[in-house]
Amino acid sequence: MVQDESGAPQAWIERFAQPLAGRSAGPLAGLRFAIKDNIDALGWPTTAACPEFAYRPREHATVVRKLLDAGASLVGKTNLDQFACGLNGTRSPYGAVPNAFHADYVSGGSSSGSAYVVATGQVDFALGTDTAGSGRVPAGLNNIVGIKPSRGLLSARGVVPAAQSVDCVSIFARTVAMAARVLQVAQGPDAQDPYSRTLQLASQPFGHRFRFGLPDPLEFFGDQAAQAAFAQAVQRLSAIGGVAVAIDYRPLAQAAALLYESALVAERYAALRPFFDAHEDRVMEPVRSIIARGRGFGAADLCAAQTQLHACAQQARALWAGMDVLLVPTAPTHYTIAAMQADPVALNSHLGQYTNFVNLLDYAAIAVPSSIRPDGLPFGITLIGPCGSDWPLAELGQRYHHASGMLQGALSLPLPAPQALTGMQAPAGTTPAPVAPAGRADDTPHMRLAVVGAHLSGMPLDAQLIERGARLLQATSTAPSYRLYALPGSVPPKPGLRRVATGGAAIALELWDMPQAQMGSFLALIPPPLGLGQVELADGSWATGFICEGYALQAAQDITGHGGWRAYLAACKPA
């Protein structure tokens, strides 16, 4: 196990001396990736974090072959909770993988190593697997994106199963656009995978107005920082067009409980039966006890558990009549490695509070970053939709992620401009047409408003937009013809935007949709030297936006090099 300079265990089980190069051309050419070490790569052993189990595969896993054929290069294989059994990243003989933001805390699992190497910038993307949340919890705890695709959309051939009927190969990246590029390449049916299937994927975005479900009740296990962060997330999703709808969480919670508390756990034993029966003592606790429980159930017990699951699915199906997408915390709290090791079963279960039901009920999901808590730890949210909603979830996830203004992973890099997603019908550079909320017509005139400073979502003045019925459309940038300045003495701090003939750059902004009837009252709030004019956007279109009178810029600091107001403010914060 490679260690860093501080002696903390690293996320790699095998980091190749020379990356396995993909084709010289392709949609992923030049990108570097890692795979969780329960996924096969020809030439290297697959351990599933159990050295005695290790074997040498005869070929690449299907998804690995597809990524190499698309031009990506494989860097190595990453650590995991043994046999993909866990959500915390501490259940490995190769060592506990630390959180990318604070080494005392868990990284989340079981795809712990894959999430860590993405968050720390060691690769562009990584593959994990997800049965009960392993492609989402590590994303949420490390400030990255995790796509948990619809079951069967990505082949699982060449993957050591945890519970084969509900396993998914998952994708980690620092942006939704990157994860979506990988999804586009990796998807597709595989006749040699018994659970692969051809799916008809939705291609229409949720739109400018949508209903999002909120679990009732919510549980954060006493973590007030997480509770506050989720309340902020609800406000942000509302700001980009969502209408919150409370849903009864009990059917989902009941389905989640079946994963480990019923005969369904027998599938974990079935996946490893020959090895486990011969080498049970080589499996670490508590993984050993969890798998061993599967021996105690009979066929009738399994039939009863499956019937219970179908009953939960019927009850849950009714919930979708009132919502378009479900919003949950990716993980309800953070735990230290020491606390997790002291109480490994109960605390691990807490991390799966909002994840365990998703694969059992055949849903798709995407985990996206949301905020950094006051204690410096990340908080993320997960958007969940019916089977086949992968692309609309990605589009909404990208809108939300860019509205958050978060940096990439554990790096000091701002998010790049959002990108058009291949699986969506809307052409590149367009914004979905406004859709009225269910039950209310909305044919009033609206106009686009470009904001670059204190009115950005989450900034001190965004309430002036929200209280006037404005909704965030997208994060984008100006044409490369502007310079940005920090105006001295402004309260709250504000920038000034100036169009220039030469020497300009693209400046990050947000595009909002505001009722025209509200523009007069909004204009009255704008103090000099700022005003409203026309701003050219990255796609060549124009929108009403903030401009600044030239006299005020003479004593102002030129901050163009930061690329935008959020990045400038982040750079001003003490290290």
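The values are calculated or read from the model by the stated rules, or taken from the named source; none is laboratory data. Since this is a predicted model, take the numbers as computed values, not measurements. We place every Cβ from the backbone using ideal geometry, glycine too, and count neighbours over all the protein chains shown. These area figures cover heavy atoms from the full protein model, side chains too; ligands, DNA and RNA do not enter into them. Shrake-Rupley method; radii C 1.70, N 1.55, O 1.52, S 1.80 Å.
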*Of the conditions (1) of a type in the set (Val, Ile, Thr); (2) more than 29 Å from SER457 (Cα to Cα); (3) open to solvent by 10 Å² or more (accessible area, probe 1.4 Å); (4) not in a loop (DSSP other than H, G, I, E, B), VAL234 clears all except one; give me its number.*
(2)
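Does ARG209 satisfy the condition of being under 19 Å from PRO378 (Cα atoms), of a type in the set (D, E, K, R) and either under 21 Å from the mean Cα position of the chain (by Cα) or surrounded by fewer than 21 Cβ atoms within 10 Å (Cβ to Cβ) (or both)?
Working: under 19 Å from PRO378 (Cα atoms): no; of a type in the set (D, E, K, R): yes; either under 21 Å from the mean Cα position of the chain (by Cα) or surrounded by fewer than 21 Cβ atoms within 10 Å (Cβ to Cβ) (or both): yes.
Here the answer is no, as ARG209 does not meet what is asked.
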*If you scan region 409-423, which residues turn out to be open to solvent by less than 30 Å² (accessible area, probe 1.4 Å) and at pLDDT 95 or above?*
GLY409
*Which residues, counting only those in region 147-179, are surrounded by fewer than 24 Cβ atoms within 10 Å (Cβ to Cβ) and at positive phi?*
GLY152
*Just checking, how many residues over region 179-225 are farther than 28 Å from ASN348 by Cβ, hydroxyl-bearing (Ser, Thr, Tyr) and touching a residue at least 40 places away in the same chain (Cβ under 8 Å)?*
2
*What single numbered condition from (1) outside any loop (DSSP other than H, G, I, E, B); (2) open to solvent by 20 Å² or more (accessible area, probe 1.4 Å); (3) over 29 Å from TRP512 (Cα atoms) fails to hold for VAL182?*
(2)
_Selection status of SER389, over 21 Å from ALA256 (Cα atoms) and open to solvent by less than 30 Å² (accessible area, probe 1.4 Å)_ = no
*List, please: which pairs have Cβ atoms under 6 Å, are six or more places apart or on different chains, and start with a residue in region 276-296 that is farther than 22 Å from ASN348 by Cα and end with one that is open to solvent by 30 Å² or more (accessible area, probe 1.4 Å) and in a loop (DSSP other than H, G, I, E, B)?*
none
*Residues being surrounded by fewer than 24 Cβ atoms within 10 Å (Cβ to Cβ) and either assigned to a strand (DSSP E or B) or touching a Gly at 6+ places or on another chain (Cβ under 7 Å) (or both): count how many of those fall in region 75-97.*
2
*What do you reckon, is ALA34 open to solvent by less than 40 Å² (accessible area, probe 1.4 Å), under 23 Å from GLU280 (Cα atoms) and either touching a residue at least 12 places away in the same chain (Cβ under 8 Å) or assigned to a strand (DSSP E or B) (or both)?*
no
*Quick one: is ALA567 touching a Lys or Arg at 6+ places or on another chain (Cβ under 8 Å) and under 17 Å from ALA417 (Cβ atoms)?*
no
*Restricting the first residue to region 118-130 and requiring it to be crowded, with 24+ Cβ neighbours inside 10 Å, which pairs with a second residue that is acidic (Asp, Glu) and modelled with pLDDT of 95 or more meet a Cβ separation below 9 Å and a spacing of at least six or different chains?*
VAL118/ASP124; THR129/ASP167; ASP130/ASP167
*Just name the residue that is farthest from ARG181 (Cα to Cα) out of those in region 374-392 that are assigned to a helix (DSSP H, G or I) and not hydrophobic (A, V, I, L, M, F, W, C).*
PRO392
*Can you give me the number of residues within region 237-261 that are hydroxyl-bearing (Ser, Thr, Tyr), part of a helix (DSSP H, G or I) and more than 23 Å from LEU456 (Cα to Cα)?*
1
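Name the residue, out of ALA450, ALA454, that is open to solvent by less than 50 Å² (accessible area, probe 1.4 Å), in a loop (DSSP other than H, G, I, E, B) and among the hydrophobic types (A, V, I, L, M, F, W, C). Steps first, please.
Numbers: ALA450 fails: in a loop (DSSP other than H, G, I, E, B).
Going through ALA450, ALA454 in turn, just one is open to solvent by less than 50 Å² (accessible area, probe 1.4 Å), in a loop (DSSP other than H, G, I, E, B) and among the hydrophobic types (A, V, I, L, M, F, W, C): ALA454.
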*Look at region 319-332 and say how many of its residues are closer than 16 Å to LEU218 by Cα and surrounded by fewer than 21 Cβ atoms within 10 Å (Cβ to Cβ).*
0
